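One structure below.
The values are calculated or read from the model by the stated rules, or taken from the named source; none is laboratory data. Please read all numbers here as calculations on a predicted model, not as lab measurements. Cβ sites come from the backbone with ideal geometry, for glycine too, and all protein chains shown count toward neighbours.
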Amino acid sequence: MSPRVVVLDNFDSFTYNLVQYLAVAGARPTVLRNTAELTEIAARHPTHLVLSPGPGSVENPGSYGVCLAALAHYTGRIPVLGVCLGHQAIGRFYGARTTRLATVRHGHVSTIRLRRTSRLFAGVPSGFPAMRYHSLAIAPATLPADLRLVASADDDECVMAVEHARQPVYGVQFHPESIGTPAGQLIIENFLSLTGSRSDRG
């Protein structure tokens, strides 16, 4: 059976690129705006949840709408992936803070270094290139015990991926749906292979 993925759209132009990657990987994605209600999400009976990129700031809760409520509801039930703003929202939910980058990374390709083994990056070599579009990032010193650093950028040590210590909740700061991230399709496929059980932890 094809995974039923709800993509919460934070009003971003990249969202439908992400949807295309999910569809190519065999999923049945449904896009809901971040103004949706939890009941609208539940009506789709999702097996996976994606929090999309967005042009807003994680410091403004209006930028990601229902995302945190959805994260609270679905953590431990189904796998969750946050991309860019969605990644920062996951950090915010668990208590991490964001910081402004000294150099804005818009359309910038960085080398991404894996810091630990993770199911999300199965088959992806450490040192892979990835596309970045952001001016804020999770401050690594503020990562709580529940969130583990999975990957960082070689050029500025920015947090590039996190995962929950016990649940299949993942965040990536870079854009897997960009042509500038050659491993992006594999990362999406790895996400879809996960279930809500702890046996999937990497």
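Taking every residue in region 55-81 that is on the phi > 0 side of the Ramachandran plot and pairing it with any residue that is hydroxyl-bearing (Ser, Thr, Tyr) and part of a loop (DSSP other than H, G, I, E, B), at least 6 positions away or on another chain, the pairs with Cβ-Cβ distances below 8 Å are GLY65/THR35. Restricting the first member to region 10-38 and to residues that are within 21 Å of SER193 (Cα to Cα) and touching a residue at least 60 places away in the same chain (Cβ under 8 Å), and the second to residues that are of a type in the set (Gly, Ala, Ser) and surrounded by 17 or more Cβ atoms within 10 Å (Cβ to Cβ), the beta-carbon pairs closer than 7 Å and six or more apart or on different chains are LEU18/SER52; TYR21/GLY184.
Filtered by the rule that a residue be farther than 25 Å from GLY76 by Cβ and either surrounded by fewer than 18 Cβ atoms within 10 Å (Cβ to Cβ) or not small (Gly, Ala, Ser) (or both), region 130-139 gives MET131, ARG132, TYR133, HIS134, SER135, LEU136, ALA139. Please tell me if LEU149 is crowded, with 19+ Cβ neighbours inside 10 Å, under 20 Å from GLY76 (Cα atoms) and not small (Gly, Ala, Ser). No; evaluated as a whole, the condition is false for this residue.
Which residue is surrounded by the fewest Cβ atoms within 10 Å (Cβ to Cβ), if the candidates are limited to region 1-40 and must be among the β-branched types (Val, Ile, Thr) and assigned to a helix (DSSP H, G or I)?
THR39
Of VAL169, VAL124, VAL109, VAL150, all but one fail to be closer than 14 Å to GLY91 by Cα, in contact (Cβ under 8 Å) with a residue 40 or more places away in the chain and of a type outside the set (Phe, Trp, Tyr); the exception is VAL169. Screening region 43-76 for residues that are in a helix (DSSP H, G or I) and surrounded by fewer than 20 Cβ atoms within 10 Å (Cβ to Cβ) and picking the one that is modelled with the lowest pLDDT gives PRO61.
Just one of GLY196, GLY127, GLY123, GLY184 is out of contact with any helix residue (DSSP H, G or I) (no Cβ under 7 Å at 6 or more places or on another chain), farther than 23 Å from TYR74 by Cα and of a type outside the set (A, V, I, L, M, F, W, C); which is it? Please lay out each step first, then the result.
Values: GLY196 fails: farther than 23 Å from TYR74 by Cα; GLY123 fails: out of contact with any helix residue (DSSP H, G or I) (no Cβ under 7 Å at 6 or more places or on another chain); GLY184 fails: out of contact with any helix residue (DSSP H, G or I) (no Cβ under 7 Å at 6 or more places or on another chain).
The unique qualifying residue is GLY127.
Filtering region 140-198 to residues that are among the aliphatic types (A, V, I, L, M), in contact with a strand residue (DSSP E or B) (Cβ under 6 Å, 6 or more places away or on another chain) and within 12 Å of LEU81 (Cα to Cα) leaves ALA161, VAL162, VAL169, VAL172. Of the residues GLU163, GLU59, which single one is within 13 Å of the chain's Cα centre (by Cα) and acidic (Asp, Glu)? The match here is GLU163.
Of THR98, THR35, THR47, all but one fail to be over 17 Å from ASN10 (Cβ atoms) and polar (S, T, N, Q); the exception is THR47.
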